[in-house]
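This report concerns only the one structure given below.
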Amino acid sequence: PGSTFKMVTAIAGLEEGIITQKTTLRCTGKYTYYADYQPTCYNSNAHGVVNVESALQKSCNCFFYDVGRQLGSDKLAEYAAMFGFGQKQGIELFGEISGLVAPESHRESIGGIWQAGENLMAAIGQSDNSATPLQLACMAATVANNGVRMKPYLIRSITNRDTGEILQIQPSQSGTVNVSQKTWDLVKSGMYMVVNQQGGTVYGYFRDFDIVTVAGKSGTAETPPKLPAVLFAGYAPAEDPKVAFAVVIEHGGGGGNVYTSQVVKDVLSYYFSKRDSFDSVSDTNTLLP
């Protein structure tokens, strides 16, 4: 999941009292807590002094490295499970997989060794973590819903061909993430800043987008030796959410935010318009076929 996972890390850190809204870290582009292992922010960018909101906005790895170090992988995995990571979501499709949220205890149970630095990687959605796009969309929806996890479904109704009886499928709740409203407000604020404030990782691609206000989180997930995957998960409208989304472009490269943003803009332009043809949504789109 890459940095789209940072919402989970932020929530865990806030709820466990490791950080508050006032907690700051000075990012120099490199995390230097360990003498022999010093991972960086993307391109070693120095973000200056950040708190949880601006760390989400700028996707500051160093801030979340520090949270992950203090949380530990088992506690982080506990919060990830609340959001449905590592579990099937129950959609009506064959072949759904559960993904993987594997803390230190799991690695050791299969005979492996967990290095302390891997707590840092787990906190930014790397290490032994994998997720499906559906899980990312459900996570975004859960944040938008202030912790109410809904079960995803495709079938709205089933008609009995013999009797004509119609069975309506009703939305159902699959769980609840019980955290404080203050925590939800801070994470939502950070996601809003990602898209709508200068310095946000996708601000440049949305500053002229006036169809609907979007909140979200971009991500880049390393998949060596291939190019990294690029991701974007969020919801809209930011002030009254109706739609949650997740876009994943495998091996899209480090500059792939432009493409995930364009996908989201095109789909939301269609969804929040009265048009009945997707082809008519973007007349000036030169980025995607």
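See the values below:
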{"item": "Every pair of residues 6+ apart whose Cβ atoms lie under 8 Å, when the first sits in the range 62-76 and is modelled with pLDDT of 95 or more while the second is aromatic (Phe, Trp, Tyr) and open to solvent by 10 Å² or more (accessible area, probe 1.4 Å)", "result": "62/31; 65/31; 65/33; 66/31; 66/33; 69/33"}
{"item": "Number of the condition not met by residue 169 [criteria: (1) more than 17 Å from residue 244 (Cβ to Cβ); (2) more than 18 Å from the chain's Cα centre (by Cα); (3) surrounded by 13 or more Cβ atoms within 10 Å (Cβ to Cβ)]", "result": "(3)"}
{"item": "Residue in the range 6-22 that is open to solvent by less than 70 Å² (accessible area, probe 1.4 Å), at pLDDT 95 or above and touching a His at 6+ places or on another chain (Cβ under 9 Å) present", "result": "no"}
{"item": "Filter pass, residue 46 being out of contact with any Lys or Arg (no Cβ under 7 Å at 6 or more places or on another chain), closer than 26 Å to residue 230 by Cα and among the hydrophobic types (A, V, I, L, M, F, W, C)", "result": "yes"}
{"item": "Residue within the range 164-176 that is in a helix (DSSP H, G or I) and either in contact with a Pro (Cβ under 9 Å, 6 or more places away or on another chain) or aromatic (Phe, Trp, Tyr) (or both) present", "result": "no"}
{"item": "In the range 96-107, residue surrounded by the most Cβ atoms within 10 Å (Cβ to Cβ) [restricted to those that are outside any loop (DSSP other than H, G, I, E, B) and over 18 Å from the mean Cα position of the chain (by Cα)]", "result": "104"}
{"item": "Single unsatisfied condition, residue 192 versus (1) touching a Phe, Trp or Tyr at 6+ places or on another chain (Cβ under 8 Å); (2) in a helix (DSSP H, G or I)", "result": "(1)"}
{"item": "Unmet requirement for residue 93, which otherwise passes all of (1) aliphatic (A, V, I, L, M); (2) in contact with a strand residue (DSSP E or B) (Cβ under 8 Å, 6 or more places away or on another chain); (3) part of a loop (DSSP other than H, G, I, E, B)", "result": "(2)"}
{"item": "Enumeration of residues in the range 108-156 that are of a type in the set (Ser, Thr, Tyr), at pLDDT 95 or above and open to solvent by 30 Å² or more (accessible area, probe 1.4 Å)", "result": "153"}
{"item": "Cross-chain or 6+ apart pairs with Cβ under 7 Å, the range 173-197 first and closer than 25 Å to residue 151 by Cα, then among the polar types (S, T, N, Q) and open to solvent by less than 10 Å² (accessible area, probe 1.4 Å)", "result": "177/142"}
{"item": "From the options 35, 77, 46, residue that is of a type in the set (Gly, Ala, Ser) and under 24 Å from residue 145 (Cα atoms)", "result": "77"}
{"item": "Of all residues making up the range 40-95, the number that are more than 21 Å from residue 122 (Cβ to Cβ) and crowded, with 18+ Cβ neighbours inside 10 Å", "result": "5"}
{"item": "Complete set of residues in the range 177-189 that are open to solvent by less than 60 Å² (accessible area, probe 1.4 Å) and assigned to a helix (DSSP H, G or I)", "result": "183, 184, 186, 187, 188, 189"}
{"item": "Hits in the range 196-220 (condition: in contact with a Lys or Arg (Cβ under 9 Å, 6 or more places away or on another chain) and in a helix (DSSP H, G or I))", "result": "196, 205, 206"}
{"item": "Selection status of residue 239, under 15 Å from residue 130 (Cβ atoms) and either open to solvent by 10 Å² or more (accessible area, probe 1.4 Å) or among the polar types (S, T, N, Q) (or both)", "result": "no"}
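Yes or no, residue by residue, for (1) under 17 Å from residue 244 (Cα atoms); (2) over 14 Å from the mean Cα position of the chain (by Cα); (3) not charged (D, E, K, R):
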| position | (1), (2), (3) |
| --- | --- |
| 199 | no, yes, yes |
| 205 | no, yes, yes |
| 208 | no, yes, no |
| 232 | yes, no, yes |
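The values are calculated or read from the model by the stated rules, or taken from the named source; none is laboratory data. Just so it is clear, the model here is predicted, and its values are computed rather than measured. Quick reminder, even Gly has a Cβ in these numbers, built from the backbone with ideal geometry, and neighbours come from all protein chains shown. All accessible areas refer to the heavy atoms of the entire protein, side chains included, with ligands and DNA or RNA removed. Shrake-Rupley method; radii C 1.70, N 1.55, O 1.52, S 1.80 Å.
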